[in-house]
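For reference, the structure discussed in these notes is given below.
The values are calculated or read from the model by the stated rules, or taken from the named source; none is laboratory data. Quantities reported herein were computed from a predicted structural model and do not represent experimental measurements. Reconstructed Cβ throughout: ideal geometry from the backbone, glycine too, with neighbour counts over all protein chains shown. Side chains included, ligands, DNA and RNA excluded: accessible areas come from the protein's heavy atoms. Shrake-Rupley method; radii C 1.70, N 1.55, O 1.52, S 1.80 Å.
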Amino acid sequence: MHQTFDAALGINLLHANQEGADHNRAHFDQWGITCFNVMSSPGAGKTALLEKTLAALSPEIKMAVIEGDMTTELDADRLRQYGVPVIAINTGRSCHLDAKMVAGGIHRLAHDYTPSEFDLVLVENVGNLVCPAEFEVGEHVKVALLSVTEGEDKPLKYPIMFQEADCLLITKTDLAPYVEADMEQIAANVRQMNPDVTIIPVSAKTGEGLELWFEWVRSHIRVQLFTNSTQPRQPQPAA
Amino acid sequence: MHETDMTKALIVTVQDWWESQPDRPHISQVHLTVGQFTCVEPMSLQFAFEVQTRGTFLDGAELVIRETPLIAFCHRCQKEYRPEVGIQYACPVCQSPMEDILSGRELKIDRLEYSTDSHSSTAQSVHPT
Ligand SMILES: Nc1nc2c(ncn2[C@@H]2O[C@H](COP(=O)(O)OP(=O)(O)OP(=O)(O)O)[C@@H](O)[C@H]2O)c(=O)[nH]1
Ligand SMILES: [Mg+2]
Ligand SMILES: [Zn+2]
Ligand SMILES: [Zn+2]
Ligand SMILES: [Zn+2]
């Protein structure tokens, strides 16, 4: 005797991932860490940007990197030269990082270091324009990169990452003249779906725009510190 | 690729529900809503679901996908419009950016259809073959 029933779930398909992201964010908040999720298509310049960022900001901001690229040890080794903890995550054949993978990285960070000493965790996502934006990893801020060589239409064709980004870096601006990239058009295309995004053209090669990016990083760590009123952080007195 | 991961996430969520049911019912249909403005391709999802549920508690269950179109609301015009995905997202009348998405971002498990065997509910250790 069979009876058929209906169970109304109304649960987001990514429910399990969202719970994992909340878990990660709770760790970050507890330790006073801001987390940036850095996303782009393959080769847009994520690792190059992180290298410049670590080199310039590590004296003033205590950073760690969670490296989720599939060419992982290569990228991780490039970043380790800056004396910053780099936790490489084996993403297998996944085309994006998910919350669980990043949790593994966070727990390792907490095990090997004192996590509350860190201000900023930079997560380099798998190079992919399509789905990383759909899988939160517990970040406070989404940073998207689009290189000038990819074409102005990419934000229209792969809109979700660009729609959700808090900051868009238009990278490799040194190459713009060679590929006749129209930066205004790129910006206009992104603003069609994300009018409030901060857009910064940068070149890791010439250094153009990097100061603006560093300033953006600084201000977004401070926002986090001010709003996280349960744990006000004081500057450490010099020893 | 990512549909495989989406399907994994889907199965985990349904499994949580299934394991919370004392009688572990037989699930015959999983109803999903998939918005047009997501990274999910319904055909790939169907395929991945079929492959990944084989031999599991969801073996033979049917995945029913309802697609929802991208619909935005323009505050200046006080009007709904349908952006052309891949081409234009701003309001076609006044060019205001797309800000309020009314539909198209859904990735939701709406409901499950399941059956329980009224005999086995009192004799759970007897597994009918
Ligand atoms: N000309 C120029 N080349 C750059 C710039 N930034 C990165 N590149 C080059 O672009 C290539 C890819 O850069 P990566 O930093 O590895 O890019 P990525 O996004 O980390 O790549 P994946 O992790 O593989 O997705 C390398 O050959 C870099 O040297 C830039 O500003 N200008
Ligand atoms: Mg890289
Ligand atoms: Zn934990
Ligand atoms: Zn993916
Ligand atoms: Zn309008």
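Residue check: is A:GLU124 surrounded by 18 or more Cβ atoms within 10 Å (Cβ to Cβ), among the charged types (D, E, K, R) and more than 13 Å from ligand 3 (Cβ to nearest atom)?
Considered against the rule, which asks whether it is surrounded by 18 or more Cβ atoms within 10 Å (Cβ to Cβ), among the charged types (D, E, K, R) and more than 13 Å from ligand 3 (Cβ to nearest atom), A:GLU124 comes out as yes.
If a residue counts only when it is away from ligand 1 (no atom under 16 Å from the Cβ), which helices (runs of 4 or more DSSP H) contained entirely in segment A:119-207 have at least 1 such residues?
Per the criteria, A:154-157, A:159-164, A:183-191.
For segment B:27-48, which positions are over 17 Å from B:TYR114 (Cα atoms), touching a helix residue (DSSP H, G or I) at 6+ places or on another chain (Cβ under 8 Å) and within 12 Å of another protein chain (Cβ to nearest Cβ)?
Hits for segment B:27-48 are B:VAL34, B:PHE37, B:THR38, B:CYS39, B:VAL40, B:GLU41, B:SER44, B:LEU45.
Among the residues of segment A:173-195, is there at least one that is surrounded by 24 or more Cβ atoms within 10 Å (Cβ to Cβ) and touching a Ser or Thr at 6+ places or on another chain (Cβ under 8 Å)?
The answer is no; no qualifying residue exists.
Does A:GLN18 qualify as being within 14 Å of another protein chain (Cβ to nearest Cβ) and in a helix (DSSP H, G or I)?
Answer is yes for this residue.
May I ask you to verify whether B:THR4 is within 16 Å of ligand 4 (Cβ to nearest atom) and among the hydroxyl-bearing types (Ser, Thr, Tyr)?
Yes, satisfied.
So for segment A:31-52 (the condition being β-branched (Val, Ile, Thr) and within 16 Å of ligand 4 (Cβ to nearest atom)), does at least one residue qualify?
The answer is yes, given that some residue of segment A:31-52 is β-branched (Val, Ile, Thr) and within 16 Å of ligand 4 (Cβ to nearest atom).
Under 6 Å between Cβ atoms, which residue pairs at least 6 apart in sequence (or on different chains) link something in segment A:175-203 that is within 14 Å of chain B (Cβ to nearest Cβ) with a partner that is polar (S, T, N, Q)?
Filtered contacts from segment A:175-203: A:MET193/A:GLN163; A:ASN194/A:GLN163.
Would you list the helices (runs of 4 or more DSSP H) that sit entirely within segment A:32-114 and hold 2 or more residues that are away from chain B (no Cβ under 14 Å), surrounded by fewer than 19 Cβ atoms within 10 Å (Cβ to Cβ) and more than 14 Å from ligand 1 (Cβ to nearest atom)?
Passing ranges, in order: A:99-112.
I'm trying to understand the selection: among the residues of segment B:92-110, which are open to solvent by 70 Å² or more (accessible area, probe 1.4 Å) and free of Cβ contacts under 8 Å to residues at least 24 places away in the same chain?
B:PRO92, B:VAL93, B:GLN95
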